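Each reported figure results from applying straightforward, stated rules to the coordinates on display, with no laboratory input. In this text, all values refer to a predicted model and were calculated from it rather than measured experimentally. FYI the Cβ positions are ideal-geometry reconstructions off the backbone, even for glycines, and counts take in every protein chain you see.
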Number of protein chains: 6
Amino acid sequence: MKITRGFTSHPAGSVLVEFGQTRVMCTASVTEGVPPWRRDSGLGWLTAEYAMLPAATHTRSGRESVKGKVGGRTQEISRLIGRSLRACIDLAALGENTIAIDCDVLQADGGTRTASITGAYVALSDAVTYLAARGKLADPQPISCMIAAVSVGVVDGRVRLDLPYEEDSRAEVDMNVVATDTGTLVEIQGTGEGATFPRSTLDKMLDSALLGCDEIFAIQRAALALPYPGPLPEPTGKR
Amino acid sequence: MKITRGFTSHPAGSVLVEFGQTRVMCTASVTEGVPPWRRDSGLGWLTAEYAMLPAATHTRSGRESVKGKVGGRTQEISRLIGRSLRACIDLAALGENTIAIDCDVLQADGGTRTASITGAYVALSDAVTYLAARGKLADPQPISCMIAAVSVGVVDGRVRLDLPYEEDSRAEVDMNVVATDTGTLVEIQGTGEGATFPRSTLDKMLDSALLGCDEIFAIQRAALALPYPGPLPEPTGKR
Amino acid sequence: MKITRGFTSHPAGSVLVEFGQTRVMCTASVTEGVPPWRRDSGLGWLTAEYAMLPAATHTRSGRESVKGKVGGRTQEISRLIGRSLRACIDLAALGENTIAIDCDVLQADGGTRTASITGAYVALSDAVTYLAARGKLADPQPISCMIAAVSVGVVDGRVRLDLPYEEDSRAEVDMNVVATDTGTLVEIQGTGEGATFPRSTLDKMLDSALLGCDEIFAIQRAALALPYPGPLPEPTGKR
Amino acid sequence: MKITRGFTSHPAGSVLVEFGQTRVMCTASVTEGVPPWRRDSGLGWLTAEYAMLPAATHTRSGRESVKGKVGGRTQEISRLIGRSLRACIDLAALGENTIAIDCDVLQADGGTRTASITGAYVALSDAVTYLAARGKLADPQPISCMIAAVSVGVVDGRVRLDLPYEEDSRAEVDMNVVATDTGTLVEIQGTGEGATFPRSTLDKMLDSALLGCDEIFAIQRAALALPYPGPLPEPTGKR
Amino acid sequence: MKITRGFTSHPAGSVLVEFGQTRVMCTASVTEGVPPWRRDSGLGWLTAEYAMLPAATHTRSGRESVKGKVGGRTQEISRLIGRSLRACIDLAALGENTIAIDCDVLQADGGTRTASITGAYVALSDAVTYLAARGKLADPQPISCMIAAVSVGVVDGRVRLDLPYEEDSRAEVDMNVVATDTGTLVEIQGTGEGATFPRSTLDKMLDSALLGCDEIFAIQRAALALPYPGPLPEPTGKR
Amino acid sequence: MKITRGFTSHPAGSVLVEFGQTRVMCTASVTEGVPPWRRDSGLGWLTAEYAMLPAATHTRSGRESVKGKVGGRTQEISRLIGRSLRACIDLAALGENTIAIDCDVLQADGGTRTASITGAYVALSDAVTYLAARGKLADPQPISCMIAAVSVGVVDGRVRLDLPYEEDSRAEVDMNVVATDTGTLVEIQGTGEGATFPRSTLDKMLDSALLGCDEIFAIQRAALALPYPGPLPEPTGKR
């Protein structure tokens, strides 16, 4: 797994995350204002959109803009990414600003939703640095913990982390776990794919997932140890 | 909780499920043919659609047909219901026929997705009886187990089953569990609502959910002990 | 024919109307504000939406939300219901509030549009009681007359009231009449179905329709003689 | 009122109908094949679409293609035109071909729907001549009667035919009548506009409407007395 | 080529332009206000929409409103018309008002986009006269030059102006030129249709196009030499 | 300018093109079959879709899939890319297969449409190599010439090649030229941006554009001199 910050230069945070053959561009853009239902609350908002480029998959898939509607899978993943990242950030600190997360899959080979969450956390972290440097945050440390995600599957009876597409598509059980570096869970989704599974399998998958997340936190930390990949305003005496 | 079979008379299975103030009409309609991507496979299909009537909620919500698109939450739940029921039925036994499950929420007060799965299982069971009586099944017992679902929440630090809306909306963790009467899991989805949760909470919620499912299986069994609520063709000697 | 008030509890008016095998849930929800084109007029508004649940018909019909557009028949009936009810209510008395009528057909067997109007009148009446009890009305009696509707058809040369679907679909002429209990007409729509008809037939159909409406007014009156089916605020001395 | 045949030259029938300031281009295009639900029936089909050009109204109205959906009024009128014309033609005579009627309002000043039906009848008649000349009809006279339509309104208590927009918009009752030259009715739609009306008014409006239709039949007959406005194939001896 | 002003009477400018068999109704409607992104700028706006009536083409084409989306060709031409006309008008003179150009093709036989621009210029000119007479213009002469457009094609190796559809569809190169009567260019679009072309061909096409535009300017001038085709307010002494 | 082949590994051709700060991922995917209107012609097809990732621009732009429709600019550019590439390939050689070009802009800073065409040519070239190696081509050299595109602008009166966004947005004239390495033109589009331009400017822009294309052909040639970036089947003796 590899995380590249500053992959593009316009958004406040822009990360390329690579997980085996899977490659996702995760960006965090800051825009003024919040959605109508949140106006005049004094609170910020974080929203997320996930999409697959047409040529990202083994066989080209149609473009959702051309179809004129966003599919169920896309919406489900977009909602998952948004919920996961909102778990680590104090939206009150943003003021009435929105951070828009975009996860666009350039190449897919299994685990795109968990790679997206993992990369998006780093992009979000950069967007927060960007906002802090501009003096836009009410609280200079609005992020309370790190967020990472892994997928775990059972193939041929064995629990396996982050399956490539070829194996993932024949997994008997498929689970996505979003966790924090403080050892708690944010979201867990487990599905028997055309089968059901005992609770003992759930436990084994969870063990494996949490170990996997620990490895990812190390990679995220290493990536974030480097300086912010773009120009930041000079600190001034009295902001 | 109350399950009424034969709630309407056109579909092969029609069930009204009532869970506190929540009321969902769950139907199973049989149609000939399968979606294009499954044609000539010899296999049947089961699909599900969930929707909320506009006046089902405390405050009227806009109609998705008028908006011209199906929202993310609706799609997510529709997909969950479909996956859950496909876990218990042998689609090969249906031949190239489709069972369309519709879960329309007449009144909502928390737990509509789990009530929908629970009711839809009973409607599906009636549709299978209907198909069997018409000699349409390759295997007379295509259902391998019962399916039920419950929601569990943590409110004020306590694990609680099937919260009404007012409490659900302030739950700290929210989990939906779909299980079989053979003790296995079909799907588990747990989310920290603006917070994260330790693994010990997950375990407690799961204990509670599985006990809840056992109660539901008893209610489903009692409802299904009554005869099929509509006319069935006479058995004949030589079909 | 049977009218059940208080069928669900969230909307201000909620009625189940049953006409033979036809069953329609009619609700009247009160929302603050009016559509943009009516703002700052001081007048209220009444709008109506009709829809058929997918499993309501003999053969399951596709969901309009999934198709992404509302069909012509649905829009035509929605508009008819709205016009019919606006004929009996003084919108100035509502202030800038909107009453949204929803007629969702749970089971269809002919005459769903006239059943909808008939039931919606009762739901509207309850919504007015609800608004009056909250002191929201400029005029305590904004409803000037009762509204009911019937369908009349000619089958095999004979005029018949409220045909079930099987006969309705082979009617030679089909007419919907919306009338008031003061003996006047609100709307009349007559169509030769693949044929034409003489004016004498129109007259006979109208005779029959007006008699039918009188029976319905009696049923509506009996239903409305019962107290409002939910809690109302205590009357106070000085509102 | 004025009817111009051969207004454009591509469709089999193309008519400009002028009714006061109202001007509608009515065309009848012949296409091979029928909609999917009618295939292999041996029967033809007739469909109709009505639309208003954006600049046809006093104040420019938005284009429905840009809005992405067809409004309720447009659909209602399209359906009315289709039903009205199907009443006069034997669809079996067409074979599996479709006649598509298009009524596009170039300028609107009241009565556009009735002008559309009146003009569309003439365009249909030309399309039938065109098909007959090509030997495409099973029955050389598939049209059984003439069709015309008028609108009648009550303004200031007086019954009036074909009101211009300015008066139409303040009519107390508005009725559209579609009739045949054999004295029968095809469709009748009467609406109290924010008011209700006694049966005696209905009768007076109908008297007036039927007289109006007689005048229109004379104008249609005069227009159709001229030869077909385009080239027709030479009759041959042995088709 | 023929230009008829005052073709319809509601819009401020309404022109029928005829180019061989091609006939386009071009209107210019004035509406108060500007699009949201231009509000509070003090500047006006000019927008354009192009559409083909279904029966305008040799074979009937589907209605874009019914398809629910505007096709790429339609959007491309609409944008071209808007850009072309914005080149000749000082939008600051309009104040915060919008001129909406509509070009609806009644009959198509090649060159509909250039006919549209040519006719729309005349409609725009009338709309400006209308606004000036109402004292709505900050600058009485906001139009700086005339605008006309022609299409040029290469068929069988020869450069030809304004091809009818039958020849246009087999042109090897197709070019649209929008020019001003001051000898400058507004827009040039040249495409090899399944082939490529040398720069010398481009030069020849451009020579031909500019000569063609000169002829059109003469026709536009002749048409505009007549008085405004509708009533204008009386000039008053002191506006 | 930099061209990277083999940017992703699923599509037959995958190219990252970088032009200053502009970066576009251009892929060419091969799919069996052709659109319905081209079936049974024996000919292949080439189609193209262009899109901007939401975070590609200086300010985040909304996703077209979420808006539910493809904007005019997007459609215009998609059509241009498709036409441009179809000019260099013999579609008969492909048999009834489709090459789908996708140009997704990862970062935009002016000239995204011309960068897309330039990169897409290289991706197309790789897709042809891929098809040839699989023995799918009727003609082993279906590409007749190279295709490149540049944008030229006039800023402050001076002709300039490939302007970055900041200068492009204040250009007085903007022209896109698509040319072949045999010295001919494929497409030329020139627009005065709120102004008009003399023919002499057009000539100067064209001179500059053609020189620019020559530089690009050299870069394309250098990129294509490297071997195909993925595995190709072994040549066999007897295919």
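If you draw the axis that swings chain D onto chain A, which residue of D has its Cβ closest to it, and how far is that in whole Å?
D:Gly68, 4
Under a straight-distance cross-link criterion of Cα-Cα below 26 Å, which lysines are reachable from A:Lys69, leaving out those fewer than 8 residues away in the same chain?
List returned: B:Lys67, B:Lys69, C:Lys67, C:Lys69, D:Lys67, D:Lys69, E:Lys67, E:Lys69, F:Lys67, F:Lys69.
Between copies, how far apart are the B:Lys67 label points? List them in nm, one decimal, shortest first, with each point 7 Å from Cα toward Cβ, please?
Going from nearest to farthest copy, the values are 1.8, 1.9, 2.0, 2.0, 2.7 nm.
Projecting each Cα onto the charge dipole of chain B (Lys/Arg +1, Asp/Glu -1 at the beta carbon, about the Cα centre), which of B:Ile99, B:Ser169, B:Ala123 comes out farthest on the positive side?
Value computed over the given set: B:Ile99.
If one takes the longest principal axis of the Cα atoms in chain D, at what angle in degrees, from 0 to 90 and to the nearest 10, does the Cα axis of helix D:72-86 lie?
It works out to around 50 degrees.
How far apart, in nanometres, would the label points at A:Trp37 and C:Glu18 be if each is projected 7 angstrom from Cα along the Cα-to-Cβ direction?
Simple spin-label model gives 3.6 nm for this pair.
Using r as the Cβ-Cβ distance of E:Ala195 and F:Asp156, and R0 as 51 Å, what FRET efficiency do you calculate, to the nearest 0.05? Please report the intermediate quantities before stating the final value.
Details: r = 37 Å, r/R0 = 0.72.
Between E:Ala195 and F:Asp156 the formula returns 0.85.
Quick one: among F:Ala12, F:Ala120, F:Ala195, which has the greatest mean-square fluctuation in a GNM of chain F with alpha-carbon springs under 10 angstrom?
Result for chain F, Cα springs under 10 Å: F:Ala195 fluctuates most.
Counting Lys and Arg as +1 and Asp and Glu as -1, each charge on the Cβ, what is the dipole of the protein assembly as shown about the Cα centre in debye, to the nearest 20?
Values: 144 positive and 168 negative charges, 3 e Å.
Charge dipole of the protein assembly as shown: 20 debye, to the nearest 20.
Could you check the spin-label model distance between F:Thr182 and F:Asp203? Points 7 Å from the Cα along Cα→Cβ, value in nm.
Each label point lies 7 Å from its Cα, and together they span 2.7 nm.
Under the definition of partner shielding as Cβ atoms of other protein chains within 10 Å of a residue Cβ, what is the mean value for peptide F:47-57?
Working: counts 0, 0, 5, 0, 7, 0, 9, 8, 16, 7, 3.
Mean inter-chain Cβ contacts per residue within 10 Å come to 5.
Of D:Cys213, D:Cys26, D:Cys88, which has the largest mean-square fluctuation in a 10 Å C-alpha GNM of chain D?
Fluctuation is largest for D:Cys88.
Across the residues of E:196-205, average count of Cβ atoms on other protein chains within 10 Å? Provide the component values of the computation, followed by the final result.
Values: counts 15, 7, 4, 9, 0, 2, 6, 4, 0, 0.
Counting Cβ atoms of other protein chains within 10 Å of each residue's Cβ and averaging gives 5.
Gaussian network model of chain B, Cα springs within a sub-10 Å range: biggest mean-square fluctuation belongs to which of B:Leu211, B:Leu16, B:Leu94?
B:Leu211
Measure out, as a whole number of angstrom, how far apart the alpha-carbon centroids of the stretch A:1-74 and the stretch D:1-54 sit.
47
Using the Karplus curve 6.51 cos²θ - 1.76 cosθ + 1.60 with θ = phi - 60°, what ³J(HN,Hα) values do you get for each residue of the stretch F:124-138, in whole Hz, with x for Gly and Pro?
Karplus values, whole Hz, x for Gly and Pro: 4, 4, 5, 5, 5, 4, 4, 5, 4, 5, 8, x, 9, 9, 6.
Show that you can apply the helix-only estimate: for the protein assembly as shown, add -39,500 (n - 2.57) for every DSSP H stretch of four or more residues, divide by all residues, and state [θ] at 222 nm to the nearest 500. All intermediate terms of the calculation are to be shown ahead of the outcome.
Values: 30 runs with 430 residues, N = 1434.
Per the formula, -9500 deg cm²/dmol.
If you find the alpha carbon centre of the stretch B:180-239 and of the stretch E:97-134, how far apart are they in angstrom?
66
Return the lysines within reach of B:Lys136: Cα separation strictly under 20 angstrom, same-chain partners fewer than 8 residues apart disregarded; answer none if there are no such residues.
List returned: B:Lys238.
Please state, as a whole number in µm²/s, the translational diffusion coefficient that the Stokes-Einstein equation yields for the stretch B:42-87 at 20 °C and 1.002 mPa s, with Rh defined as the Kirkwood radius across alpha carbon pairs. It would help to have the intermediate numbers written out before the result.
Numbers: Rh = 12.1 Å.
Using the Kirkwood radius from Cα pairs, D works out to 178 µm²/s.
Distances from A:Gly42 to the same residue in each other copy, label points 7 Å out along Cα→Cβ, in nm, shortest first?
Shortest to longest, the spacings are 3.8, 3.9, 6.8, 7.6, 7.9 nm.
Enter the mean number of other protein chain beta carbons within 10 Å of the beta carbon of each residue in B:177-190, as an integer. List each step's numbers first, then the result.
Details: counts 1, 3, 2, 3, 0, 2, 3, 8, 10, 6, 6, 9, 7, 7.
Mean shielding by partner chains, rounded to a whole number: 5.
Per-residue HN-Hα couplings for the stretch C:14-19, Karplus 6.51 cos²θ - 1.76 cosθ + 1.60 at θ = phi - 60°, whole Hz, x for Gly and Pro?
The phi angles translate into 8, 10, 9, 10, 10, 10 Hz.
Between C:Val34, C:Ala148, C:Gly183, whose Cα lies farthest towards the positive end of the dipole of chain C when Lys and Arg beta carbons carry +1 and Asp and Glu beta carbons carry -1, centred on the Cα centre?
Value computed over the given set: C:Val34.
Step by step: find N for the protein assembly as shown, compute 2.2 N^0.38 Å, then divide the Cα radius of gyration by it. What's the final number? Could the numbers behind the result be given before it?
Details: Rg = 34.3 Å, N = 1434, 2.2 N^0.38 = 34.8 Å.
My calculation over the Cα atoms of the protein assembly as shown gives 0.98.
Once the label point is set 7 Å along the Cα-to-beta-carbon vector, what list of distances in nm do you get between B:Arg170 and its counterparts in the other copies?
5.2, 5.7, 5.7, 6.2, 8.0
Taking 0.36 nm per residue of sequence separation and subtracting the Cα-Cα distance, how much length would be gained by fully extending the chain between F:Glu215 and F:His58, in nm to one decimal? Don't skip to the answer; put the middle values down first.
Working: separation 157, 0.36 × 157 = 56.52 nm, distance 2.82 nm.
Contour length minus the Cα-Cα distance gives 53.7 nm.
Among the lysines, select those whose C-alpha is under 29 Å from the C-alpha of C:Lys2, and discard any that sit fewer than 8 residues away in the same chain.
B:Lys2, C:Lys204
Quick check on the stretch B:111-153: what are the equivalent-ellipsoid semi-axes from the Cα gyration tensor, as sqrt(5λ), descending, whole Å? Mind dumping the intermediate values first?
Details: eigenvalues 142, 20, 4 Å².
Value: 27, 10, 5 Å, ordered largest first.
Considering the alpha-carbon set of the stretch F:148-239 alone, what are its Rg and its Dmax in angstrom?
18.3, 63
Return the distance in nm (one decimal) between the two label points of a simple spin-label model at A:Glu166 and E:Lys136, each offset 7 Å from Cα along Cα→Cβ.
6.8
For the stretch B:94-165, what D do you get in µm² per second when you plug the Kirkwood radius from alpha-carbon pairs into Stokes-Einstein at 20 °C and 1.002 mPa s?
Values: Rh = 14.4 Å.
Rounded to a whole number, D works out at 149 µm²/s.
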